[in-house]
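Shown next, in C-alpha cells, is the structure this report addresses.
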Amino acid sequence: MIGKKIYKFEKLDSTNDYASKIAKESAEGTVVIADCQSKGKGTPGKTWFSPEGGIWLSVILKPKSASCISLMASVAVYETLKSLKLPVRIKWPNDVMIKNKKISGVLTEAHGKNNAIVGIGINLNIPEFPNELKSVATSAMLERGKAFNKQKVINILIKQLEKKYSLLKKKKEKLLKEWKKYANIIGKQIKINISGELVEGKVKDIDDNGALMVEMAGGKVKKITTGTISAEL
Amino acid sequence: MQLNELKKLIKMLEESNVEEIEIKGFLGRTVRVTKKRADTKVVQGRVEKEVKVPEAPQISAVIPEPLEKVETPNESVMNSAAQPAPQPPKTAEPQKNFVSINAPIIGTFYRASSPGAKPYIEVGDRVTTGKVVCILEAMKVMNEIEAEVSGVVREILVENGKPVEYGQPLFMLEC
C-alpha cells in the first residue's frame, strides 16, 4: 500500500537516491519526502530545481515490469493537479504541463528485476523560478495566485498513486487509455530531439508500453522511447 | 550506425590476437568477422565486404559455442543462419570467446548512474553475471542493465548518451 510508511526529511540530496538505498529492505509503497533537495534528479545531465514549497517525493515500488511506471505516475499527478482545477496536460512521455510550461516531472529508476524508485516533482508553492527556467517552468502558485495546502495535495497524490498503480497491475490497457487521452498526441506532427538528433514525423500510434510509432518522411515508421518533444503541431 | 559498429568490430579484431568474432543478435542478425592470414572478411546476411588488414599469424578461432565446421578453400566466412556453422580449427592455443552484451530495449545508453558518477564498467574490468553494466533510459525509466555472462570488458561499442536499437551490441566481453 502506497504511503503506509513515509520517511520525511527537511532536506536531502535526492529523494530517489535515499529511496534507492533503503529499497531492498523496505516494503512496497514506502514513500520518501523532502522539503527541499540539493541535487534533485532530472533527465540525465540536469538537476531538478527543488526549493521549499514544492512536492519532492519518491515511492518504492516492486512491479513485475517497470516499463509503464513513469506513465502511471504521470496519470496520478495529472489527476491530482486536475482536482486543484489546474488546466494540465501530459506531454509525452510523462511531463505534466500547463500550456508549454512544466509543472511536474517524473523520473523512475529501475534497480534489478523488480525494484522501481518513482521520483515525482511537483512545483506547488513556488513563487518564482530562476531566470533560466522562467520560460519553461511554472507552479500551481504562479498559475492561481495563491498557495495550496501542501499536505493536502500530498495526500491526494498518494491516493491517486495507489489507485493508478492498482489499475496498472489489474487493467493496464485501461490505464494506458487514460494516459493516451491526457497526452493526446496521436495524429500530431512532432519534432523530437533524441540525443541531439532531431527526428520529425507524424505520430501514427502508441504501443502497449507508451512508445511512439512515428511515420517519417518516406513512410518508414520508427519506434521512439526516448528523447524530448520540441514541437507538436 | 550499423557500418560504424562493424568498423569497430573489425578494428577490435585487428588489434587482438584472435582470429574470429561471432555475434548473435547484432541488429537482429548473426555476424561473424574472421581474420585470415592476409585479409579480413565481414559477412552479414548475403552482403560480403572485404577489408585488407596487415598480415597476422593464424591463431585459434573464436566461436561462442561448439559448431560443425564447413569451409571451402575460397570461402572461409559464411552466414551461419543460412548454412551449417563452422567449427574452431584444431590448435594448441587456448580458445577465447567473445560475447557481446546487447541492448534488451530501445533507449538511450548511459555508462554511469549520473553525469558526474564513475562509469559502471571500463575496458579491462572483469564483469560477473548480474553486475550492472549501464543504464538504458526508455519512457523516462532508467533501467539498470545487468551482465548475463562473466568476462573481461574488451570494448565499449556505444558512446555515452546515444540512442540504441533493440539488440544492438553495447559491450564486447572476452569470456
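So which chymotrypsin sites (Phe, Trp or Tyr not before Pro) in segment A:1-52 are both in a DSSP loop and have at most 16 other Cβ atoms within 10 Å of their Cβ? Numbers along the way, then the final one.
On the way: sites: A:TYR7, A:PHE9, A:TYR18, A:TRP48, A:PHE49; in loops: A:PHE49.
Those that pass, being in a loop and sparsely packed, number zero.
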Checklist outcome for this item: Averaged over the residues of A:218-227, the number of partner chain Cβ atoms within 10 Å of each residue's own Cβ comes to 4
Item to check | Proximal lysines to B:LYS96, defined as alpha-carbon separation beneath 26 angstrom and excluding residues fewer than eight positions away on the same chain | outcome: B:LYS7, B:LYS8, B:LYS11, B:LYS24, B:LYS35, B:LYS36, B:LYS41, B:LYS49, B:LYS52, B:LYS69, B:LYS131
Checklist entry - Which listed residue (A:ASN100, A:THR138, A:MET72) has the Cα farthest towards the positive end of the charge dipole for chain A, taking +1 on Lys and Arg C-beta and -1 on Asp and Glu C-beta about the Cα centre? => result A:MET72
Checklist entry - Order of A:133-140, A:180-187, A:63-70 by packing, highest average Cβ count within 10 Å first? => result A:63-70, A:133-140, A:180-187
Checklist entry - With axes computed from alpha carbons, what is the tilt in degrees of helix A:69-83 against the longest principal axis of chain A, rounded to the nearest 10 within 0 to 90? => result 70 degrees
Checklist entry - Using a Förster distance of 45 Å, how high is the FRET efficiency between A:ASN114 and A:MET216, based on the Cβ-Cβ distance and rounded to 0.05? => result 0.80
Item to check | Per-residue average of Cβ from other chains inside 10 Å of B:105-111 | outcome: 4
Checklist outcome for this item: Going through A:LYS8/A:LYS191; A:LYS11/A:LYS102; A:LYS170/A:LYS220 one by one, the pairs whose alpha carbons sit over 29 Å apart turn out to be A:LYS8/A:LYS191; A:LYS170/A:LYS220
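Beyond a 18 Å Cα-Cα separation, which of these cross-linked pairs lie in this structure: A:LYS164/A:LYS204; A:LYS223/B:LYS140; A:LYS163/A:LYS188; A:LYS91/A:LYS146; A:LYS4/A:LYS180?
Details: A:LYS164/A:LYS204 26 Å; A:LYS223/B:LYS140 15 Å; A:LYS163/A:LYS188 30 Å; A:LYS91/A:LYS146 25 Å; A:LYS4/A:LYS180 30 Å.
Violating the 18 Å Cα-Cα cut-off are A:LYS164/A:LYS204; A:LYS163/A:LYS188; A:LYS91/A:LYS146; A:LYS4/A:LYS180.
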Checklist entry - What is the magnitude of the charge dipole of segment A:189-232 about its Cα centre, with +1 placed on the Cβ of each Lys and Arg, -1 on the Cβ of each Asp and Glu, and no other charges, expressed in debye to the nearest 20? => result 120 debye
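Could you order the peptides A:122-132, A:96-106 from most to least packed, using the average number of other C-beta atoms within 10 Å per residue? Could you put the intermediate results ahead of the total?
On the way: A:122-132: 16.5, A:96-106: 20.8.
Descending packing order for the listed peptides: A:96-106, A:122-132.
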Item to check | Using distinct alpha-carbon pairs, which all enter the 1/r mean, Kirkwood radius of segment A:84-166 in Å | outcome: 14.1 Å
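Give the residue list of GluC sites (Glu not before Pro) in segment A:9-110 that are DSSP loop and have at most 12 other beta-carbon atoms within 10 angstrom. Mind showing how you got there, number by number?
Numbers: sites: A:GLU10, A:GLU25, A:GLU28, A:GLU52, A:GLU79, A:GLU109; in loops: A:GLU25, A:GLU28, A:GLU52.
Passing sites in segment A:9-110 are A:GLU25.
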Checklist entry - Given charges of +1 on the Cβ of Lys and Arg and -1 on the Cβ of Asp and Glu, with all other atoms neutral, how large is the dipole of segment A:36-146 about its Cα centre, in debye to the nearest 20? => result 240 debye
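Taking a threshold of 22 Å on the Cα-Cα distance, which of the pairs A:LYS101/A:LYS174; A:LYS181/A:LYS202; A:LYS113/A:LYS169 fall above it? Kindly include the intermediate steps, with their values, before the conclusion.
Details: A:LYS101/A:LYS174 27 Å; A:LYS181/A:LYS202 17 Å; A:LYS113/A:LYS169 16 Å.
As for pairs spanning more than 22 Å Cα to Cα, those are A:LYS101/A:LYS174.
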Next on the checklist: Can you give me the long-range amide H partners of A:LYS102? Hydrogens built in the peptide plane at 1.01 Å from N, cutoff under 5 Å, separation of 5 or more residues or another chain.
Outcome noted: A:ALA137, A:THR138
Item to check | Helix A:172-183 vs. chain A, principal-axis angle (Cα, 0 to 90°, nearest 10) | outcome: 80 degrees
Checklist outcome for this item: Note: B:128-140 gets an average of partner chain Cβ contacts (10 Å, Cβ to Cβ) equal to 5
Checklist entry - What is the set of long-range amide H partners of A:ASP13 at a cut-off below 5 Å, with H atoms built 1.01 Å from backbone N? => result A:SER38
Checklist entry - With the calculation restricted to Cα positions, what are the radius of gyration and Dmax of segment A:189-232 in angstrom? => result 9.5, 26
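Bear in mind these aren't lab numbers, they're just calculated from the coordinates by the rules spelled out. Small disclaimer: the values here were computed from a predicted structure and weren't measured. With ideal geometry, Cβ positions are generated from the backbone for all residues, glycine too; neighbour counts draw on all protein chains shown.
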